[in-house]
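A.B. asks: What follows is a structure written as structure tokens; I'll ask about it next.
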Amino acid sequence: MSQPFYHNYGMNILLPDQRSHGDSQGKIITFGVKESRDVISWVDFVNAKFSPKQVIISGLSMGATTVLMSAGTPYDANVRGIIADCGFTSPWEIIASVVRGRGLPIFPFVPLMSMWARIFAGFGFREYSTLEAVKGIRIPVFFAHGEADRFVPCHMTEKVYEICGSSDKTLFLVPNARHGAAYLVDRCNYEKQISQFVNRCL
């Protein structure tokens, strides 16, 4: 989504770099496992500094996975919704999917990588998952994904959507859109869907 779209709603935007990205500290990503805890810290920071009445959390790709995983920890009452575009189900499943896509066998590569992640980054690929986190979500959630995504398969978002515990959840799939491109391919309908979602949240 574009920043002007949200600004038209009178919304302010916090755009932090995830750990190991941009100006943030760290040298290792954890596929949302530890990053999800950072989301809670960002919400605490925003609430302490600005005291907003309403907050919507949004993420794209690993950012989508991160915000969904963060929902496993109870949010403050002013967090009203989550927008997750082309996230994956778990570190294990996305890495296995990429390994298969390279024509390599899951065993021994993925178990070895998970072992290295445990040793060098302090987390395992099966330690936590989006599927585990979303079961208890009670706030509205908007899921989007491009059906032509060859990096994060669309069926991952469909699976998370099915398991999500929210009674207000939306699944928006865009034909012919590749990874992270749903908004670019179908901007008009994407903005229409998000407008309806934001209106319900706020």
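The values are calculated or read from the model by the stated rules, or taken from the named source; none is laboratory data. The structure presented is a predicted model; accordingly, all values stated were derived computationally and were not measured. Every residue, glycine as well, gets a Cβ built from its backbone with ideal geometry; the counts of neighbours run over all protein chains shown. The area values use the complete protein model at the heavy-atom level, side chains included, leaving out ligands, DNA and RNA. Shrake-Rupley method; radii C 1.70, N 1.55, O 1.52, S 1.80 Å.
A.B. asks: Report, by residue number, each residue of segment 144-196 that is of a type in the set (S, T, N, Q) and not in a strand (DSSP E or B).
C.D. replies: Within segment 144-196, T157, S166, S167, N176, N189, Q193, S195, Q196 qualify.
A.B. asks: Then there is this: Which one is nearest to Y128 (Cα to Cα), of the residues in segment 34-93 that are assigned to a loop (DSSP other than H, G, I, E, B) and touching an Asp or Glu at 6+ places or on another chain (Cβ under 9 Å)?
C.D. replies: Filtering segment 34-93 down to residues assigned to a loop (DSSP other than H, G, I, E, B) leaves 34, 51-54, 61, 71-78, 86-90.
Still in the list and also touching an Asp or Glu at 6+ places or on another chain (Cβ under 9 Å): 61, 72, 76, 86, 90.
Details: S61: 17, G72: 10, D76: 22, C86: 18, S90: 7 Å.
The extreme case among them is S90.
A.B. asks: Scan segment 170-185 residue by residue and report those that are under 22 Å from P140 (Cβ atoms), open to solvent by 40 Å² or more (accessible area, probe 1.4 Å) and in contact with a Gly (Cβ under 9 Å, 6 or more places away or on another chain).
C.D. replies: Correct list: L173 only.
A.B. asks: Something else about it: Do we have K159 as of a type in the set (K, R), open to solvent by 60 Å² or more (accessible area, probe 1.4 Å) and closer than 28 Å to F45 by Cα here?
C.D. replies: no
A.B. asks: With the requirement that a residue be closer than 24 Å to V79 by Cβ and surrounded by 20 or more Cβ atoms within 10 Å (Cβ to Cβ), what does segment 186-202 give you?
C.D. replies: Initial filter on segment 186-202 (closer than 24 Å to V79 by Cβ): 190-202.
Within segment 186-202, Y190, I194, F197, V198 qualify.
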